[in-house]
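The values are calculated or read from the model by the stated rules, or taken from the named source; none is laboratory data. As the structure is a prediction and not an experimental result, all values here were calculated from the model. Cβ coordinates were reconstructed from backbone atoms using ideal geometry, including for glycine residues, and neighbour counts include every protein chain displayed. Keep in mind that these areas ignore ligands, DNA and RNA; they rest on the heavy atoms of the full protein, side chains included. Shrake-Rupley method; radii C 1.70, N 1.55, O 1.52, S 1.80 Å.
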Amino acid sequence: MRYRYFLIAGLILCSGFFSILYEKKVKKSDAFTTEAFIEKWLTNDNGTLATYMKAGDEEDSDLVKGREALSESLGIWMHYALLKEDEVQFEHAYQQLTNYFLENDGFVRWKLTEAGENKVFANALVDDLRICGALFDASEKWNEPRYEKAAVRISSYLTAFNQSESSLTDYYVKDEGTSQYITLSYIEPDSLAKLNQRGLIDKAIYEKMLAILKNAPLDGFYYPKAYDVEKDVYLFDSEINMVDQSLVALYRGKKRYSTTAFLDFIKEEIELHGAIYGRYDRFSGGKLVDYESPAVYGWLILYSLELHELELAQKLYSRMSQFKLRGSKYTGGYAVYNDDTHIFDNLVPLLAERELDNLNLLR
């Protein structure tokens, strides 16, 4: 339904003016300053998480503009609160969900205006799965039945409406129907497993979702973008989006499906170029852009940790940290350029930092 956005963060690293704001090594003491940055600069007055620092009327390639709030951001924030073991923070996120995003029937609005108004009538599978997974975990962790009940409502809606050809698909638009495609980076296995364990998803659908993820063919180093459930065919983009690729690799890693070729590619890029770029050419394998994304590094760190590739995780963390501002009014912010940044370039690194810290891997 929508494509991930990359900030042109590489421009910052290329600018000598900004270079004094970066350090090559990140100390644990400032690892979580991004949380304060998000709360100050990327939070709307009603508490929802804004997509950009600046207000704006022009939509990006994800169909999002300015201070609009996304269910995707909320789901990642919930997972961060769980990793932090912060019950109060999670409850605040739950209140955002129930007050603004979640309808009585279990439908979750995928985006809202800055004021919390709904002007779209579609959900997004991966966002809802993340939220469900977080709610189930929080319910067990803090013995809070409200979280479980909300997760069941959302799951029931997903399995009833986001379904086509015995698969869950990317989105459902009210009064229009469901997508015929499942983006591979939307197949989040941990949350699907929680639905399966509770009998909230048909076993055949659950197994087909995992089969689509497992059987995805490689084209060189790259995974398909999506699967057409009506035509039973995998689809590749000519331009490879590294957010999608990193998430597919992470989810395959969680199921212990092979990711050897992709892992070797990431190691080689870091060794030869010291960087992972935002987009690559499917056919030549070469980079198509010069920019890098902290969100990509964050997902790749989580992927590396899943595979116990600790040395690689540290290298990726070292590179990611160079995008983090210190000693300015935007201290803690990642990839702030021209007084603006994208929330995913801050939320995902924050998630990676917390996971590294929980594993005692921060310097």
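Values for this structure:
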read-out: Estimated [θ] at 222 nm from DSSP helical runs (n ≥ 4, -39500 (n - 2.57)) normalised by residues in the chain, nearest 500; value: -14000 deg cm²/dmol
read-out: Cα-centred dipole magnitude for the chain, charges only on beta-carbon of K, R (+1) and D, E (-1), debye, nearest 20; value: 760
read-out: Average Cα contact separation per residue, the stretch 186-262, under 8 Å, 6 or more apart, as relative contact order %; value: 28
read-out: Over 26 Å between alpha carbons, listed pairs Lys111/Lys267; Lys208/Lys255; Lys84/Lys203; value: Lys111/Lys267; Lys84/Lys203
read-out: For the stretch 305-313, 3J(HN,Hα) per residue [Karplus equation, 6.51 cos²θ - 1.76 cosθ + 1.60, θ = phi - 60°, Hz, x = Gly/Pro]; value: 5, 4, 8, 6, 8, 5, 5, 5, 4
read-out: Stokes-Einstein D for the stretch 284-327, Kirkwood Rh over Cα pairs, 25 °C, 0.890 mPa s (µm²/s); value: 214
read-out: Loop trypsin sites (Lys or Arg not before Pro), the stretch 64-141, which have at most 14 other Cβ atoms in a 10 Å radius of their Cβ (DSSP); value: Lys119
read-out: Whole-angstrom gap from the stretch 303-363 to the stretch 55-70, using each part's C-alpha centre; value: 23
read-out: Surface accessible to a 1.4 Å probe, per residue, for the residues of the stretch 126-259, Å²; value: 39
read-out: Cα-based reach from Lys254 at 12 Å (exclusive), listing aspartates and glutamates while leaving out same-chain residues under 8 positions away; value: Glu188, Asp190, Glu306
read-out: Leu63-Leu218 pseudo-label distance in nm [points 7 Å out on the Cα-to-Cβ vector]; value: 3.4
read-out: Rel. contact order, % - alpha carbon contacts under 8 angstrom, at least six apart, the chain; value: 22
read-out: Long-range amide H partners of Tyr171 with built H, under 5 Å; value: Leu125, Ser179
read-out: Accessible area, probe 1.4 Å, largest first, for residues His92, His79; value: His92, His79
read-out: The stretch 100-141 versus the stretch 160-178: alpha-carbon centroid distance in Å; value: 16
read-out: Amide H contacts under 5 Å for Lys111, placed H, 5+ residues apart; value: Ser71
read-out: Directionally averaged shadow of the stretch 175-276, computed from the convex hull of its alpha-carbon atoms, nm²; value: 7.9
read-out: Under Karplus coefficients 6.51, -1.76 and 1.60, residue-wise ³J(HN,Hα) of the stretch 137-152 in Hz, glycine/proline x; value: 5, 5, 4, 5, 5, 10, 6, 10, x, 4, 5, 4, 4, 5, 5, 5
read-out: For peptides 142-150, 281-289, sequence by mean Cβ density within 10 Å, most packed first; value: 142-150, 281-289
read-out: Of all accessible heavy-atom area on the chain, the percent that carbon and sulfur account for (1.4 Å); value: 48
read-out: Table column - 3J(HN,Hα) (Hz), the stretch 82-97, Karplus curve with 6.51, -1.76, 1.60, x for Gly and Pro; value: 5, 4, 6, 6, 10, 5, 5, 4, 5, 4, 4, 5, 4, 5, 4, 4
